[in-house]
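All of the numbers you see were taken from the coordinates with simple rules; none came from a lab. In this text, all values refer to a predicted model and were calculated from it rather than measured experimentally. Positions of Cβ are generated from backbone atoms using ideal geometry, with glycine treated the same way; all protein chains shown enter the neighbour counts.
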Amino acid sequence: MELFGKNLDKDLVVIAEIGVNHEGSKEKALELLELAAGAGADAVKFQSYTPEKYVGAIDPDRQERVRRFALDEAAHRSLSKRARELGVHFFSTPLSEDWVPIIAEIGSAIKIASGDLTFEPVIRTAAKTGLPIIISVGLGTFKEVDQAVQWCREEIGDRDLPNRLALLHCVVAYPTPNDDANVSNISVLKNRYGLTVGYSNHVIGPTACYAAVAMGAPILEVHFTDQKTGRDFRDHALSMETDDLRVLIENAWLIKRSLGIPGHTRQKSEVENLTAARKGIVAADDLSAGTILTESRISYARPAEGFASTEKNRVLGLSLVNPVTKGMPIFPNDVSMKSK
């Protein structure tokens, strides 16, 4: 799958989830976008919604907060433009389906929140856009994830689904206790669905993210802010600041590169140590020319400068044409190959 210009079979994508940490300020949203881009994020993600289509009247306090935190379409377009100028990808989570067409026009992908895993209208509408779709599967049962994937399959088609749809393992707890991170689910999801599976982090600190990369996750989504402490809105506390994000990206890439390519192969960096690390055939005593090499006449020691230890059967029965001091390697030019 390709995402944000990267091949996820070999690359790593780090998403700075700004979400609504701007708390409704377009200026703060731009500032956070610029900080995330400067820290090396591949993409910045926001949340987009019409307040009354997101939170109902039964929860007036929450409805008032989401109304205050909402950014209008003009702000979204400004953010998208600034992201392009900085070379970072812009996208968003439509928390009401009416925002899908706008995000599709100005964004590089569409994210489906864990809470909307079972919300068919937004998933189908997003899947029809032609953009990559990323679905967080927190709170979901296998039956629910199966259904969401099937909705996407019906809109995208079997052939293109692996190139258009990615899943993110996610735990919907703010913050998530480290012991509940359950990043081992990444491989379970990958094996079950045959899709790209990344990780959306709500654990405070980078540990679970590093574990996710080690599990093979090519997508990391982390909350981002300019100040974690002294803020009322809960997402700030579990977010990363600029330096945190920069260190996360650096270390995640170190882990990614250290995973290498599956397969037991001799690495370039170790080839120079091959001779020094392996045992070769040496003289067990001071041996004179004409000595017939037997089991009692040879021994083994590093480095394998002459015959390798694995060549014992080739050496036994040969006659020395040169004297060899005890403990010294026996080389091919020290023996007569005609002795056998």
Set of aspartates and glutamates with alpha-carbon distance to LYS228 below 13 Å, sequence-local pairs under 8 removed: GLU241, ASP243, ASP244
Straight-distance crosslink candidates among lysines, where the alpha carbon sits under 18 Å from LYS81 and sequence neighbours closer than 8 are dropped: LYS26, LYS28, LYS45
Relative contact order, percent, the chain [alpha-carbon distance under 8 Å, six or more residues apart]: 13
Set of aspartates and glutamates near LYS312 by C-alpha distance (under 20 Å), chain-local residues within fewer than 8 positions excluded: ASP285, ASP286, GLU295, ASP334
Spatial separation of Cα centroids for region 239-259 and region 1-35, in angstrom: 14
Cα gyration tensor, region 168-211 - rounded (a/c under 1.5), prolate or oblate: prolate
Where labels lie 7 Å past Cα in the beta-carbon direction, separation of PHE119 and VAL172 in nm: 1.0
Spin-label zone in region 189-211 - amide nitrogen under 17 Å from a point set 7 Å from the Cα of TRP253 along the C-beta vector: 210
Computed label-point distance, nm, for sites PHE331 and ASP9 using a 7 Å Cα→Cβ extension: 4.7
Answer label for Rg and Dmax of the Cα atoms in Å (calculated), chosen among [x] 30.1, 102; [y] 24.0, 109; [z] 19.6, 62: [x]
Highest-first arrangement of 209-222, 154-167, where packing means the average Cβ count within 10 Å: 209-222, 154-167
